[in-house]
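For reference, the structure is listed below as structure tokens.
Here, each number is a calculation from the coordinates, and none is a lab measurement. Just so it is clear, the structure is predicted and the values come from calculations on it, not from any experiment. Glycine also receives a Cβ, built like all others from the backbone with ideal geometry; neighbour counts cover every protein chain displayed.
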Amino acid sequence: MTDTLTPVLTRNWDADRSWTLASYEAQGGYAGLKKALAPEFGGPDAVVSAVKDSGLRGRGGAGFPTGMKWGFIPQDNPKPKYLVVNADESEPGTCKDIPLMMASPHTLVEGVIISSFAIRANQAFIYIRGEVLHVIRRVQRAVQEAYLAGHLGKNIHGSGYDLDVVVHAGAGAYICGEETALLEGLEGRRGQPRLRPPFPAVAGLYASPTVINNVESIASVPSIIDNGAAWFSSMGTERSKGFGIFSLSGHVTNPGQYEAPLGITLRTLIDLAGGMRGGRQLKFWTPGGSSTPMLTAEHLDVPLDFEGVGAAGSMLGTRALQLFDETVCAVRATLRWTEFYKHESCGKCTPCREGTWWLVQTLARLEKGQGSEADLDLLLDQCDNILGRSFCALADGAVSPIQSSIQYFRDEFVEHFTSGGCPFDPAASTLFAPAGASAS
Amino acid sequence: MSTPMSTPISVPVTTPTVIDDTTYAELREIAARYPQARSGLLPMLHLVQSVHGRVTPEGIEACAEVLGLSAAEVSGVATFYTMFKRKPVGDYLVGVCTNTLCAVMGGDAIFDRLKEHLDVGNDETAERRPQDAATVSLEHIECNAACDYAPVVMVNWEFMDNQTPESATQLVDDLRTGAGVRSTRGPRICSWRQAERVLAGFNDGQADEGPAGGAPTMHGLGIARDRGWTAPDPASVPAQPQEGDSK
């Protein structure tokens, strides 16, 4: 029986100066790299096989099998191959990659080297959102330390394998978390998604074969190589193998990072986090960021794996568990998320650019108590006209909070226009809520 | 949270609007990091901001010249990204997260209080008072990936975790008077221009400042340590994956 929490990626975070090469190596770091580069391991194809066998699925939200993605790289293509790490963590609620890179950037760097070796790339990029200065410093320094130690550069540890890594800071655009928009940003262009196919595996960065993986996916690779695919797949559930970082935020006593096998439930996590703040009741939550339809207290026992959350009508996403208690107005929350999508829509596709604007108009009127029941149908009709009609998933994410909040809290929307405004006191939801502040 | 320190803040001088030879050389150095030079454009624009305090027309021309692009092409990129500013930014850019979770946890109240306290609107710079050593600009920002520390304020893209309206007003007061402020999870906060230089890829040697993380970062690990929970011992796992494991 696997333990409830299984620190692997987080295991060394409490070590003294955990972000340094010396500390990381003292904790066993770079053992996976040495194994992967050793001739007896079997070369790049053996690394790809190990990751395939482990069952690792992408940790950036979509859950695509990582080894299979690597296998799509056409090795007979004469162009250079590239590995690009998506460290543009921006999905509302998502806060796992940033603490990982802050506490243990070498876990990522080691993963980058092994993964690049596997796909036969000699150049890798770590695209970090620009708004996290200290994280960028630490990753820059970790890459520099890795060069000095001979983990990067020419003929790494006598293996004949060369790899260069560039740490690239973004400049503020949620859309660059979308992999093809990220490539545009990395090519020095406006971050607007590309039409697929061709997929990046065939024509990605500079129209060359490119693997783009999330930070946590890449950071999981060293442990798979070091401990074995069977070790990794001994954790998790039947089709969602391994461990992941679950990020709890909001009205919970101890928000934070909890690394557990996939399939843990929110009930267990809230219990570990000391319960809901002030003994209040959970009202709604997102399983994997604001783009995943919200769930309610009915879903506390849903296994948090790809299949379990999917069956409950949402998506596992990034395991960004944002918890809201009964003091929070579902309409206010939904409006704010919708304003976010409107702001971040890149403008390329009309349904998203215009549609998110209209969603905000309609929702804002409802929130002020000026709407009517017909506006709810109008909103859902707008959602129908937006969902699935754009190049990328941003617009699909934008309709998730609206459709799901109307599904679960229709009465609350109605109450806004029957009572002529929002029935909630926003002060009651704050971290510094005065004693006696109540839900209504 | 805001620790007074004695390090003086450099007095801003009139912004030069030419790009000097040193900066040109650094722009070329950035472009040379990449297999294709244009990939350097975002960090190059960060460098322009570190030199001019915003993206200036001269900075756009310089990037265009180094990359062999038109100024319109560079402008088109610069205007897409929210971190690139077309009007001058103060010494400290204070960003209050007002995305849903932070807003609900107190970000809206913090942003309202700061607007009132600084007498500015969104994306504006507070007037410098006679006693001020530095200027502060205010904006509201989207999710900055620190939700377990909500409500979050960023100063020059350093984390200021778990803020209240009171702590945030003290924060901006300390920034304006030059008291010196340390990030809750990082170093003493440098000027916005110095921060932009790091984003351009010129590390400032401050990586070792600050902790590995705050209490929320470590919470789950602490519980695992207390209860003796670990990932399975690799030696105890059968060598072959179970049937059906390989997807």
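Brief remarks follow.
- Angle in degrees between helix A:394-418 and the longest Cα principal axis of chain A, rounded to the nearest 10: 20
- Taking label positions 7 Å along the Cα-Cβ direction at both B:S236 and B:D119, the computed distance is 6.7 nm, reported to one decimal.
- Take each residue in B:201-212, count the other chain C-beta atoms within 10 Å of its C-beta, and the mean is 6.
- Here is the list for region A:12-93: trypsin sites (Lys or Arg not before Pro) lying in DSSP coil, each with at most 16 other C-beta atoms within 10 angstrom of its C-beta, are A:R17.
- The label point for A:D16 and the one for B:R227, both projected 7 Å from the Cα toward the Cβ, are 3.0 nm apart.
- Annotation: peptides B:33-41, A:165-173, A:270-278, ranked by per-residue average of other Cβ atoms within 10 Å with the highest first, follow the order A:165-173, B:33-41, A:270-278.
- Average other protein chain Cβ within 10 Å of Cβ, residues A:256-262: 5
- Whichever lysines have a C-alpha closer than 28 Å to that of B:K115, once near sequence neighbours (fewer than 8 apart) are set aside: A:K342, A:K368, B:K85, B:K87
- Expected 222 nm ellipticity per residue - DSSP helices of 4 or more, -39500 (n - 2.57), all of chain B, to 500: -10500 deg cm²/dmol
- Nearest-20 debye value, chain A charge dipole, Cβ charges on Lys, Arg, Asp, Glu: 980
- Treating r as the C-beta distance of A:A393 and A:W357 and R0 as 22 Å, the FRET efficiency rounds to 0.75.
- Linear extension gain, A:D381 paired with A:D76, 0.36 nm per residue minus alpha-carbon span: 105.1 nm
- Averaged over the residues of A:92-102, the number of partner chain Cβ atoms lying within 10 Å of the residue Cβ comes to 6.
- Separation of the B:E61 and A:A374 label points, Cα + 7 Å toward Cβ, nm: 5.7
- The length gained on full extension between B:A72 and B:D208, counted as 0.36 nm times the residue separation minus their Cα-Cα distance, comes to 45.0 nm.
- Ranking of A:E415, A:E184, A:E238 by neighbouring Cβ atoms within 10 Å, starting from the fewest: A:E238, A:E415, A:E184.
- Efficiency of FRET between A:H343 and A:R365 - r from beta-carbon atoms, R0 22 angstrom, step 0.05: 0.75
- Placing a label point 7 Å from the Cα of A:E40 along the Cα-to-Cβ direction, the residues of region A:149-184 with a backbone N closer than 19 Å are A:157-160.
- Trypsin sites (Lys or Arg not before Pro) lying in DSSP loop within region B:46-103, provided at most 13 other Cβ fall within 10 Å: B:R86
- Förster radius 56 Å - calculated FRET efficiency between A:L300 and A:A149 (Cβ-Cβ, nearest 0.05): 0.75
- Taking each DSSP H run with n ≥ 4 as -39500 (n - 2.57) and averaging over every residue of chain A yields -12500 deg cm²/dmol at 222 nm.
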